[in-house]
Amino acid sequence: MTRMSRARVLLLNAALGPLDYRVPQGMHVEPGSIVVAPLGPRQLLGVVWEPDAMPSDAEVGDNRLRNLVTVADVAPLGAALRRLVEWTAAYYLAPPAAVLRMALASTSALEGARMVVEYRATGTVPPRLTPQRTQAMERIGDRQGLIRELATVAGVSDGVIRGLVKAGAIEAVPADIDSPYPVPDPAHAPPALSTDQRAAADRLATDVRARAFAPTLLDGVTGSGKTEVYFEAVAAAIREGRQTLVLLPEIALTEPFLQRFHARFGCEPVAWHSGLRSTQRRRAWRAIASGEALVTVGARSALFLPYRDLALIVVDEAHETSFKQEEGVHYHARDVAVMRGRFEACPVVLASATPAIETRQQVEIGRYAELKLPSRFGLAQMPAIDAIDLIATPPERGRWLSPPLVAALAETLERGDQSLLFLNRRGYAPLTLCRTCGHRFQCPNCTAWMVEHRLIRRLTCHHCGHAEPTPRVCPECRGEDTLVACGPGVERIADEVAALFPQARVAVVTSDTIWSPARAAEFVGRMDAGEIDVVVGTQLVTKGYHFPNLTLVGVVDADLGLEGGDLRAAERTFQQVRQVSGRAGRGEKPGRVFIQTHQPGARVMQALVTGDADAFYAAETDARREAGAPPFGRYAAIVVSSEDQGSALETARTIGRAAPEMDGCHVYGPAPAPLAMLRGRHRYRLLVHARRALDVQDVIREWLGALDWPSKVRVSVDVDPYSFL
Ligand code: ADP
Ligand code: ZN
């Protein structure tokens, strides 16, 4: 390759286009090289790009170019990742730099290999043996570590260890701070697969060895062994020494996944999520970039990491809407994962018991293959689902659990089995009001009620995090002890269970109580040990977990998801209730599910009770086709926001007036967004509805590109929106 003397660089600054630099003598760069470049008085991180793929609008003559400062001592970003950055930026109408930032998610990783000084015993006996020194030498054995670590192990002060170093009994050794990861062993504990499972596993493993793009929907009921099946494809990739990425919708699911992976492959995979410390991020990033990390499991942000040699991508619980990123770059990780598979030329497995209509449609038109696992593994049966009509058998006044559900709970407790009550509402009550004057507590920054959290005695806003102590006095009428909680949250349901069954051990599981993989591990441990009788939880407990003694699931309010009525409301309710039902009866004991609803006749409730998913999906799909809704048409939302309501409205109107008039594209709004105020910003919304064939991104780019607005106004575009707030 001829030496590049001039380089186009995409800097990590979303406001800038690509800029050209001179490559100084003695420096070697190529497309993908990670570099530091000067910008005014500052220095910025960036990546060298092919000039054709990233046109610059300000061509500068060679003589006016500034020199690149350094090039990072890591492998250049691969071509497939560069194409993914371009595609994601173009599809989601985001600055390429904002996408690139997700690939360079650890700046410390770019600082090159780093050595630290560690210590270990030399084998010589120190001349002056005090009891402390003896204890230290015994406990340290052949361990190696920092002085602090050895002191902790030995139960002595740092000074004792230093003394031993001086005396020659312990020596300093240079060590890499990024200690290597263990290598998973594909032969560690392979399961005996059923015939269906074997067929599916073989197909996926063959796809891995074929090294070609191959998207597959792995469609199997909960408990059918989807994980066991795709693990065989992972094993095939490991055997070839190549990498796998497994995406999970939620970091709370990481822990059970790590345990299962460990059981199958003898060690844990590399985990990537927002909870990592910066040294852990660095170590993971470097191992991923070098190819040493053979299997990475992570939340959606793991999608943009610089895998050196990707052989397989798995998106588990692929229907989950939490794969949709709602801030910054509004991307859908499931869809981007498929694109990454295309650029990397590797198979992509979307695993789900309740696939999204969008995914089913891709199967329908032949773009994705489908593998089915129709039954639960072994003796486990799908649980029976019954609807409880809340009008016919209502709960007692001020209670939320109806008599049939209470009776089922009593029976389950009696048998010594575990129960799960599902309600997708954190906190104690979603609304607090004053009984005397009717004052309602609203967030000062958002159009939202404050949610009471009784455990921490606070009212909090679930949109912006604003929190204040729960007052005793109404701020409006000054009445004392006049505040009443309206509606239930999980904490309130837990109180109700405790009142009904004082002997039952109840656990509340939400993102408030389980915020880290470690907390999730603790919860799993307590469930496995039988220390919990009743779990009251949000969607956090609806998936991934496998508790053999959990035999009763109660859905406290199945109608909740239907409120608001966006286009996916019924589908989401179906998915969520099926998922949570899937927690029941996963062992040899059969499970039962009760769903409390005011509309037992609704199509989605009927489908849940009869289990006829196909009929439900067919009807939903027809309705979407009729309405030209996704996947048969497209939406894009344009949200205009500002702290100043007038400027937000004015900009929204300007954008609305300039709306393109063309066939196959209709613009609704502007109208105040349902969340008319969020984090102190006033919001207006336009909704673009377009025919599938139309390049809606192009239309929007041209439309907004021709307009200007004040800098305090933010205009964000959400292509394929999932949230209609
Ligand atoms: P899914 O991901 O489809 O919900 P899982 O992969 O979690 O299903 O499997 C459900 C349970 O059945 C797990 O405990 C799993 O270990 C077990 N299982 C599934 N297939 C097998 C098999 N072939 N051999 C042994 N255990 C299996
Ligand atoms: Zn708020």
Determine whether Thr551 is assigned to a strand (DSSP E or B) and either among the polar types (S, T, N, Q) or touching a Leu at 6+ places or on another chain (Cβ under 6 Å) (or both). yes
Among residues of region 282-315, those that are basic (Lys, Arg) and buried (at least 22 other Cβ atoms within 10 Å of the Cβ), counted: 3
Filter region 434-451 down to residues that are crowded, with 18+ Cβ neighbours inside 10 Å and closer than 15 Å to Asp481 by Cα and give me whichever is nearest to ligand 2 (Cβ to nearest atom). Phe441
Evaluate the following for Phe265: is it crowded, with 24+ Cβ neighbours inside 10 Å, touching a residue at least 12 places away in the same chain (Cβ under 8 Å) and more than 21 Å from the chain's Cα centre (by Cα)? yes
Scope region 628-651; condition under 26 Å from the mean Cα position of the chain (by Cα) and among the charged types (D, E, K, R); matching residues: Arg634
Within region 560-567, does at least one residue satisfy the condition of being closer than 25 Å to Leu258 by Cα and in a loop (DSSP other than H, G, I, E, B)? no
Of the numbered conditions (1) closer than 23 Å to Thr447 by Cα; (2) in a helix (DSSP H, G or I), Leu608 fails exactly one; give the number of that condition. (1)
Just to be sure, is Leu164 buried (at least 19 other Cβ atoms within 10 Å of the Cβ) and touching a residue at least 60 places away in the same chain (Cβ under 8 Å)? no
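Can Glu588 be described as within 16 Å of ligand 1 (Cβ to nearest atom), among the acidic types (Asp, Glu) and either surrounded by fewer than 24 Cβ atoms within 10 Å (Cβ to Cβ) or in the same structural domain as Leu253 (by TED's automatic domain parsing) (or both)?
It is true that Glu588 is within 16 Å of ligand 1 (Cβ to nearest atom), among the acidic types (Asp, Glu) and either surrounded by fewer than 24 Cβ atoms within 10 Å (Cβ to Cβ) or in the same structural domain as Leu253 (by TED's automatic domain parsing) (or both).
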Out of Leu707, Leu694, report the one residue that is touching a helix residue (DSSP H, G or I) at 6+ places or on another chain (Cβ under 9 Å), assigned to a loop (DSSP other than H, G, I, E, B) and not assigned by TED's automatic domain parsing to the domain that holds Thr359. Leu707
Matching residues in region 66-110 - criterion: being of a type in the set (D, E, K, R) and free of Cβ contacts under 8 Å to residues at least 60 places away in the same chain: Arg66, Asp73, Arg82, Glu86
Can you work out which of the residues in region 710-725 that are in a loop (DSSP other than H, G, I, E, B) and among the hydrophobic types (A, V, I, L, M, F, W, C) is farthest from the chain's Cα centre (by Cα)? Val713
Picking from Leu562, Leu567, which residue would you name as being under 20 Å from Ala392 (Cβ atoms) and surrounded by fewer than 20 Cβ atoms within 10 Å (Cβ to Cβ)? Leu562
For region 322-333, what are the residues that are touching a residue at least 60 places away in the same chain (Cβ under 8 Å) and touching a helix residue (DSSP H, G or I) at 6+ places or on another chain (Cβ under 7 Å)? Phe323, Gly328, Val329, Tyr331, His332, Ala333
Residue check for Ala380: under 27 Å from Phe547 (Cβ atoms), modelled with pLDDT of 95 or more and either away from ligand 1 (no atom under 16 Å from the Cβ) or crowded, with 16+ Cβ neighbours inside 10 Å (or both): no
Val536 is checked against (1) surrounded by fewer than 23 Cβ atoms within 10 Å (Cβ to Cβ); (2) under 25 Å from the mean Cα position of the chain (by Cα) and fails just one. What number does that condition carry? (1)
Check Glu240 against each of (1) under 26 Å from Ala79 (Cα atoms); (2) buried (at least 24 other Cβ atoms within 10 Å of the Cβ) and name the one condition it does not meet. (2)
Go through region 413-424 and count every residue that is in contact with a strand residue (DSSP E or B) (Cβ under 8 Å, 6 or more places away or on another chain) and either in a loop (DSSP other than H, G, I, E, B) or farther than 23 Å from Pro488 by Cα (or both). 3
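Could you check, for region 434-441, whether at least one of its residues is under 28 Å from the mean Cα position of the chain (by Cα), outside the structural domain of Leu608 (by TED's automatic domain parsing) and either farther than 20 Å from Gln539 by Cα or free of Cβ contacts under 8 Å to residues at least 12 places away in the same chain (or both)?
Within region 434-441, not a single residue is under 28 Å from the mean Cα position of the chain (by Cα), outside the structural domain of Leu608 (by TED's automatic domain parsing) and either farther than 20 Å from Gln539 by Cα or free of Cβ contacts under 8 Å to residues at least 12 places away in the same chain (or both).
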Taking Thr354 and the conditions (1) surrounded by fewer than 18 Cβ atoms within 10 Å (Cβ to Cβ); (2) assigned to a loop (DSSP other than H, G, I, E, B); (3) within 16 Å of ligand 1 (Cβ to nearest atom), which numbered condition does it fall short on, given that it satisfies the others? (1)
With the condition kept exactly as written, say whether any residue in region 187-200 is in contact with a Cys (Cβ under 6 Å, 6 or more places away or on another chain), closer than 17 Å to Glu240 by Cβ and not assigned by TED's automatic domain parsing to the domain that holds Ser290. no
Filtering region 387-407 for residues that are under 15 Å from His598 (Cα atoms) and in contact with a Leu (Cβ under 7 Å, 6 or more places away or on another chain) leaves a count of 3
Picking from Ala271, Ala263, Ala289, Ala252, which residue would you name as being assigned to a strand (DSSP E or B) and assigned by TED's automatic domain parsing to the domain that holds Tyr307? Ala271
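Go through region 473-516 and count every residue that is of a type in the set (Lys, Arg) and assigned to a helix (DSSP H, G or I).
Initial filter on region 473-516 (of a type in the set (Lys, Arg)): 478, 492, 505.
When the remaining residues are screened for being assigned to a helix (DSSP H, G or I), the result is 492.
Residues flagged as of a type in the set (Lys, Arg) and assigned to a helix (DSSP H, G or I) within region 473-516 amount to 1.
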Just to be sure I understand the filter: pairs with C-beta atoms under 9 Å, separated by 6 or more residues or on different chains, first member in region 368-389 and touching a residue at least 60 places away in the same chain (Cβ under 8 Å), second member within 16 Å of ligand 2 (Cβ to nearest atom) and of a type in the set (S, T, N, Q). Which pairs pass? none
Quick one: Glu320 ticks every box in (1) buried (at least 24 other Cβ atoms within 10 Å of the Cβ); (2) at pLDDT below 95; (3) over 13 Å from the mean Cα position of the chain (by Cα) except a single one, so which number is it? (3)
Just checking, does region 684-702 include any residue being touching a Ser or Thr at 6+ places or on another chain (Cβ under 6 Å) and touching a residue at least 24 places away in the same chain (Cβ under 8 Å)? no
Name the residues in region 531-550 that are over 25 Å from Pro430 (Cα atoms) and at pLDDT 95 or above, would you? Glu531, Ile532, Asp533
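The values are calculated or read from the model by the stated rules, or taken from the named source; none is laboratory data. Every value quoted in this text rests on a predicted model; they were computed, and no experiment measured them. When we count neighbours, we look across all protein chains shown, and the Cβ atoms used for this are built from the backbone with ideal geometry, even at glycine.
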